[in-house]
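J.: Can you keep this structure in mind? I'll have questions shortly.
The values are calculated or read from the model by the stated rules, or taken from the named source; none is laboratory data. Quantities reported herein were computed from a predicted structural model and do not represent experimental measurements. Positions of Cβ are backbone-derived with ideal geometry, glycine not excepted, and every protein chain shown enters the neighbour counts.
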Amino acid sequence: MKIWIKNGRLIDPKNGIDAQLDVFIAAGKIVAVGPAPAGFQANRTLDASGLIVCPGLVDLSARLREPGFEHKATLESEMDAAVAGGVTSLVCPPDTDPPLDEPGLVEMLKHRAKSLNLARVYPLGALTQKLEGERLTEMAELQDAGCIAFSQADAPLVDTLALLRALQYAATFDFSVWLRPQDTFLAKDGVAHDGEVASRLGLPAIPVCAETIALAKIIDLARVAGAKVHLCRLSSRAGMLLVKQAKAEGLPLTCDVSAHHVHLSEMDIGYFDTNCHMVPPLRSQRDREALCEGLRDGTIDAICSDHAPVDDDAKIRPFGESEAGATGLELLLPLTLKWADRSGVPLVQALARITSCPAAVLGVDAGHLTPGQRADLCLFDPNRYWRVERDSLRSQGKNTPFLGLELAGKVRYTLVDGHVVYEG
Amino acid sequence: MENPQLNQHGELRHLLSIEGLPAGIVRHILDTAESFVAVAEREVKKVPLLRGKAIFNLFFENSTRTRTTFEIAAKRLSADVVNLNIGASSQSKGETLLDTVDNLAAMQADMFIVRHGQSGASHLIARHVAPHIHVINAGDGRHAHPTQGLLDMFTIRRYKQDFTRLRVAIVGDVLHSRVARSEIHALNVLGVPEIRVIAPKTLLPAEVEQMGVHVYHDMIKGLKDVDAVIMLRLQNERMRGALLPSAHEYYKYYGFTKDKLAHAKPDAIVMHPGPMNRGIEIESGVADGGQSVILPQVTFGIAVRMAVMSILAGS
């Protein structure tokens, strides 16, 4: 299959390209960018006039809900949602049921995902058995089975010594450890940011220090263990500044933020909107602005969707009893474009945060369009507005604070390994 | 943001919180309550305003006083009242909150009076029910207890008339108190120039000043020259979980004693939403003393609840 993508505006952040260039694909790989290679005969030509052609998106956190939570979503529905959102590589956290703490489970997931021929799935292995925060998993075997790194997901890891040991053990094999910084005790029972809104609504709260104390602990332990750490879902200005400082010191740290935290604050909870029940909580406007600044200056490496499809029953409850999370795979691109537009960040720089930068966090060769590279691409219309509605989302999760809103940026084609896997 | 309590004509459709209510509506409720106080003093304490209406007291959390005053208020308006203590039945069988509500709505309910342990539960129900059904929040988590806030305003107005010249202190566990939140909103709506909250730092929510109050940790300073003191109930469980060391120490620094009362204005009134913990947050000499209006609060509570129900039924 040979594909010619013509007349598009090519944006390839890693190679610093933002120009009107054609792309030529053969045998699943990019064979040329710009002029056609000699004798290239396309089987299919995609007219990308008015479209932006960029690397397929790399999402650092998307829950597929299998195994164990098929009533919320299935691999089929969420992999469909991924390519509809232009996402061609995604990382799934280990908080399934059972958690991804055994090689067999990981192999099964990889196999099921692969047989769908849609996006690439990179599972995170559980850092501790059953995510209970006590005994280490067989990390090396899990890596052989396909785990890209190790994580505790949102489960608590209270024992500091266990955390140090986990980091040391992972560092032995040069595995990276992904941690969401949150102190278990300070966050206990909390469902919203400890600020004006939670005080007014009487919601149990999570203070910013729950994040900063955990960050300080993780950073120190990572330094001691010499471990590579990826910090998931920063939520606060103070947290962002701690990471900035640690990076300046030269520690091998990376971090991400969810697309929701780039746009929303505690104020969006309004009158108990459970779609704004997020983990970590949406914080103040000032925190949100600082996260945007961190994205701009590179302190924060990537924007992820933090995709969490939740069934309606788990959302139509009092705020404190509702399940946290929002569907996001199909919103990652438009929300990133919205951020770029709002803060005046050039598209090439904005798209880096969802392509080449998260690929670098993962340490995989993806997120760029260098000839020879696997042909994972996203072609989207940056000026096409669409309304976020239950029916417009392919994800089984319809839970998003953006329901009813119009967003710019519609994916027209998604390619994986040189195959068109989505046309919209 | 659209206020979920008002209909498209700006009339009260549900009473969920004092927050966001126009002062006109609050005053209208208080004025209406005045006329119901007179009803209670008559030999026949009934008016036919809600005849034929079915009112469900939907209590997911235990309460005797609030439920009873709502029941009396509804009966004085000639409504049919059904009391449900859900805490012990459906919810423990796994039925969801909205399933319970749907089932009762199918029994031709006209009004739900809801008490629930989770903040926002009444908002959820109000968003869910058919347009002709009214919801009154009788306490949701730590969020709001608007009829208590209103009856406290009614009480203050009875004794102090002009809100715009008052200094009011709220003392105790503001962090966990839906009553305190409703009072703070109500006092602000009615134009009280100085609202104080007095509590140790462990019992105050973050950024409480944003709600329009002045914070005091020293009770004697906080009580200086106030016109009304509202005491809050302290749950015994606060002694666990590192919020307070002991009831003894709390009483010493935040218990309302006659000595401390002497720092308020000589004609200051003493209020408490009940139930009281004598010897923990308040001394009997203060609770039963000449400045206490704690029992009148209960009486006025019935009139205020009658007012709210009749206004909702008329919208």
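J.: If you go through the range A:331-353 one residue at a time, do you hit one that is surrounded by 23 or more Cβ atoms within 10 Å (Cβ to Cβ), out of contact with any Cys (no Cβ under 9 Å at 6 or more places or on another chain) and among the β-branched types (Val, Ile, Thr)?
T.: Yes - at least one qualifying residue is present in the range A:331-353.
This table checks each residue for (1) assigned to a loop (DSSP other than H, G, I, E, B); (2) closer than 15 Å to residue A:98 by Cα.
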{"residue": "A:124", "(1), (2)": "no, yes"}
{"residue": "A:134", "(1), (2)": "yes, no"}
{"residue": "A:153", "(1), (2)": "yes, yes"}
{"residue": "A:157", "(1), (2)": "yes, no"}
{"residue": "A:163", "(1), (2)": "no, no"}
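J.: Against the conditions (1) assigned to a loop (DSSP other than H, G, I, E, B); (2) in contact with a helix residue (DSSP H, G or I) (Cβ under 6 Å, 6 or more places away or on another chain); (3) more than 30 Å from residue B:17 (Cα to Cα), where does residue A:187 fall short? Just the number, please.
T.: (3)
J.: Ok, one more. Out of the residues in the range A:247-295 that are more than 24 Å from residue A:201 (Cα to Cα) and among the acidic types (Asp, Glu), which is farthest from the other protein chains (Cβ to nearest Cβ)?
T.: A:249
J.: Which residue, of A:337, A:333, is touching a Phe, Trp or Tyr at 6+ places or on another chain (Cβ under 7 Å) and touching a residue at least 40 places away in the same chain (Cβ under 8 Å)?
T.: Of the residues listed, the single one that is touching a Phe, Trp or Tyr at 6+ places or on another chain (Cβ under 7 Å) and touching a residue at least 40 places away in the same chain (Cβ under 8 Å) is A:333.
J.: For the range A:303-324, indicate whether the set of residues that are over 18 Å from residue A:63 (Cα atoms) and in contact with a strand residue (DSSP E or B) (Cβ under 6 Å, 6 or more places away or on another chain) is non-empty.
T.: No, the conditions are met nowhere in the range A:303-324.
J.: Regarding residue A:142, is this residue touching a strand residue (DSSP E or B) at 6+ places or on another chain (Cβ under 7 Å), outside any loop (DSSP other than H, G, I, E, B) and in contact (Cβ under 8 Å) with a residue 60 or more places away in the chain?
T.: Spelling it out, it is not the case that residue A:142 is touching a strand residue (DSSP E or B) at 6+ places or on another chain (Cβ under 7 Å), outside any loop (DSSP other than H, G, I, E, B) and in contact (Cβ under 8 Å) with a residue 60 or more places away in the chain.
J.: Kindly state which helices (runs of 4 or more DSSP H) lie completely within the range A:324-363 and contain at least 1 residues that are over 14 Å from the mean Cα position of the chain (by Cα).
T.: In the range A:324-363, the matching helices (runs of 4 or more DSSP H) lie at A:332-343, A:347-352.
J.: Among the residues of the range A:190-215 satisfying the criterion of being assigned to a helix (DSSP H, G or I) and small (Gly, Ala, Ser), which is farthest from the other protein chains (Cβ to nearest Cβ)?
T.: Across the range A:190-215, the extreme among qualifying residues is A:214.
J.: Residue B:301 - would you say it is surrounded by 20 or more Cβ atoms within 10 Å (Cβ to Cβ) and either assigned to a helix (DSSP H, G or I) or not aliphatic (A, V, I, L, M) (or both)?
T.: For residue B:301, the condition - surrounded by 20 or more Cβ atoms within 10 Å (Cβ to Cβ) and either assigned to a helix (DSSP H, G or I) or not aliphatic (A, V, I, L, M) (or both) - is met.
J.: Something else now. Is there a residue in the range B:196-208 that is hydroxyl-bearing (Ser, Thr, Tyr) and either exposed (fewer than 14 other Cβ atoms within 10 Å of the Cβ) or within 14 Å of chain A (Cβ to nearest Cβ) (or both)?
T.: Checked the range B:196-208: at least one residue is hydroxyl-bearing (Ser, Thr, Tyr) and either exposed (fewer than 14 other Cβ atoms within 10 Å of the Cβ) or within 14 Å of chain A (Cβ to nearest Cβ) (or both).
J.: So which residues in the range A:75-102 are in contact with a strand residue (DSSP E or B) (Cβ under 9 Å, 6 or more places away or on another chain) and in a helix (DSSP H, G or I)?
T.: Within the range A:75-102, A:75, A:78, A:79, A:80, A:81, A:82, A:83, A:84 qualify.
J.: Of (1) touching a residue at least 24 places away in the same chain (Cβ under 8 Å); (2) away from chain A (no Cβ under 14 Å), residue B:239 satisfies all except one. Which?
T.: Among (1) touching a residue at least 24 places away in the same chain (Cβ under 8 Å); (2) away from chain A (no Cβ under 14 Å), residue B:239 violates only (1).
J.: Six or more apart or on different chains, Cβ atoms under 7 Å: show the pairs whose first residue is in the range A:190-215 and closer than 30 Å to residue B:16 by Cα and among the hydroxyl-bearing types (Ser, Thr, Tyr) and whose second is at pLDDT 95 or above and buried (at least 24 other Cβ atoms within 10 Å of the Cβ).
T.: A:199/B:205
J.: Restricting to the range A:313-339, name every residue that is of a type outside the set (Ser, Thr, Tyr), over 20 Å from residue A:412 (Cα atoms) and either touching a Lys or Arg at 6+ places or on another chain (Cβ under 7 Å) or away from every other protein chain (no Cβ under 14 Å) (or both).
T.: Matches in the range A:313-339: A:323, A:324, A:325, A:326, A:339.
J.: Out of the residues in the range A:75-117 that are more than 14 Å from the chain's Cα centre (by Cα) and among the acidic types (Asp, Glu), which is surrounded by the most Cβ atoms within 10 Å (Cβ to Cβ)?
T.: Across the range A:75-117, the extreme among qualifying residues is A:101.
J.: Find all pairs meeting these conditions: Cβ atoms under 9 angstrom apart; at least six residues apart or on different chains; first residue within the range B:176-201 and under 21 Å from residue B:253 (Cα atoms); second residue assigned to a loop (DSSP other than H, G, I, E, B) and among the polar types (S, T, N, Q).
T.: Partner pairs satisfying both residue conditions: B:176/B:235.
J.: All but one of (1) in contact with a Lys or Arg (Cβ under 7 Å, 6 or more places away or on another chain); (2) on the phi > 0 side of the Ramachandran plot hold for residue A:92, so report the exception by its number.
T.: Failed condition: (2).
J.: List the pairs whose first member sits in the range A:369-383 and is in contact (Cβ under 8 Å) with a residue 12 or more places away in the chain and in a strand (DSSP E or B), whose second member is buried (at least 18 other Cβ atoms within 10 Å of the Cβ) and among the aromatic types (Phe, Trp, Tyr), and whose Cβ atoms are under 6 Å apart, counting only residues at least 6 apart or on separate chains?
T.: A:379/A:413
J.: For the range B:193-237, which strands (runs of 3 or more DSSP E) that fit wholly inside it have 3 or more residues that are closer than 22 Å to residue B:18 by Cα?
T.: Qualifying strands (runs of 3 or more DSSP E): B:194-198, B:228-231.
J.: Something else: Which one of these is farther than 25 Å from residue A:59 by Cβ, assigned by TED's automatic domain parsing to the domain that holds residue A:100 and either surrounded by fewer than 21 Cβ atoms within 10 Å (Cβ to Cβ) or not acidic (Asp, Glu) (or both): A:135, A:120?
T.: Details: A:120 fails: farther than 25 Å from residue A:59 by Cβ.
Of the residues listed, the single one that is farther than 25 Å from residue A:59 by Cβ, assigned by TED's automatic domain parsing to the domain that holds residue A:100 and either surrounded by fewer than 21 Cβ atoms within 10 Å (Cβ to Cβ) or not acidic (Asp, Glu) (or both) is A:135.
J.: In the range B:171-185, which residues are within 14 Å of another protein chain (Cβ to nearest Cβ) and not in a loop (DSSP other than H, G, I, E, B)?
T.: Residues satisfying the conditions are B:178, B:179, B:180, B:181, B:182, B:183, B:184, B:185.
J.: Looking at (1) out of contact with any helix residue (DSSP H, G or I) (no Cβ under 7 Å at 6 or more places or on another chain); (2) within 14 Å of chain A (Cβ to nearest Cβ), can you tell me which one residue B:213 breaks?
T.: Failing condition for residue B:213: (1).
J.: Would you call residue A:157 without any contact (Cβ under 8 Å) to a residue 40 or more places away in the chain and either at negative phi or β-branched (Val, Ile, Thr) (or both)?
T.: Yes; evaluated as a whole, the condition is true for this residue.
J.: For the range B:25-47, name all the residues that are closer than 15 Å to residue B:305 by Cα and assigned to a loop (DSSP other than H, G, I, E, B).
T.: Looking only at the range B:25-47, we keep the residues that are closer than 15 Å to residue B:305 by Cα, and these are B:25-40, B:45-47.
If the condition is that a residue be closer than 15 Å to residue B:305 by Cα and assigned to a loop (DSSP other than H, G, I, E, B), then B:45, B:46, B:47 are the ones that fit.
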